[in-house]
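First the structure, in the form of structure tokens, and then the observations on it.
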Amino acid sequence: FQMIHQHAPGELLFDRDYLGGPRSDAFTLIAITAGKPRSDSTRRAFYQTLVKRLHSAVGLDPEDVMVVINTTLAQEWSFGGGRVNGEERP
């Protein structure tokens, strides 16, 4: 599942130099909710592959890409019907 929201210029407030940068008006925040944590090496490879592909595909400067991954437990998900993940339909 993907949700993409493009903000109008000036609508997204961000620090152009916070822990990276400098960032331009093309700043892109990618927020990922995942079910299980991945190893440091897997996350690092994902981040590096992501920025390389975005740069190749659309010319996005890697410094303009911020990624946040939040992990959750399986029982914190309901994919429909108000059921906890893995629960059988009544």
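Throughout, read-outs are computed from the coordinates displayed, never taken from laboratory work. Everything numeric here is computed off the predicted structure, so don't read it as measured data. For neighbour counting, all protein chains shown are included, and Cβ atoms are generated from backbone atoms with ideal geometry for every residue, glycine included.
Which entry is the computed Cα extents along the principal axes in Å for this structure: (i) 32, 27, 25; (ii) 52, 33, 25; (iii) 37, 24, 21? Only one option fits the structure, namely (ii).
Would you mind calculating the gained length between VAL58 and THR72 on full extension (0.36 nm times residue separation, minus the Cα-Cα distance), in nm to one decimal?
Gain on extension, VAL58 to THR72, equals 1.9 nm.
Residues whose amide H comes within less than 5 Å of that of LEU60, counting only those at least five positions distant or on another chain, are HIS55 (H built at 1.01 Å from N in the peptide plane). Taking only Cα atoms, what is the 0 to 90° angle, nearest 10, from helix 40-58's long axis to the longest principal axis of the chain? In the chain, helix 40-58 runs at an angle near 60 degrees to the longest axis. The length gained by stretching the chain between ARG16 and ARG44 to full extension, at 0.36 nm per residue less their Cα-Cα distance, is 7.9 nm.
Working note: Debye formula, equal point scatterers on the alpha-carbon atoms of the range 29-74, no solvent; log10 I(q)/I(0) at q = 0.22, 0.23, 0.33 Å⁻¹ is -0.79, -0.84, -1.19.
Can you work out the FRET efficiency for the pair GLU87 and ILE32, with r the C-beta to C-beta distance and R0 = 25 Å, to the nearest 0.05?
0.55
Local charge for LYS52 was computed over the other residues whose Cβ lies under 14 Å away, with Lys and Arg +1 and Asp and Glu -1, and equals -1.
For the range 29-74, the dipole from Cβ point charges (+1 on Lys and Arg, -1 on Asp and Glu) about the Cα centre works out to 280 debye, to the nearest 20.
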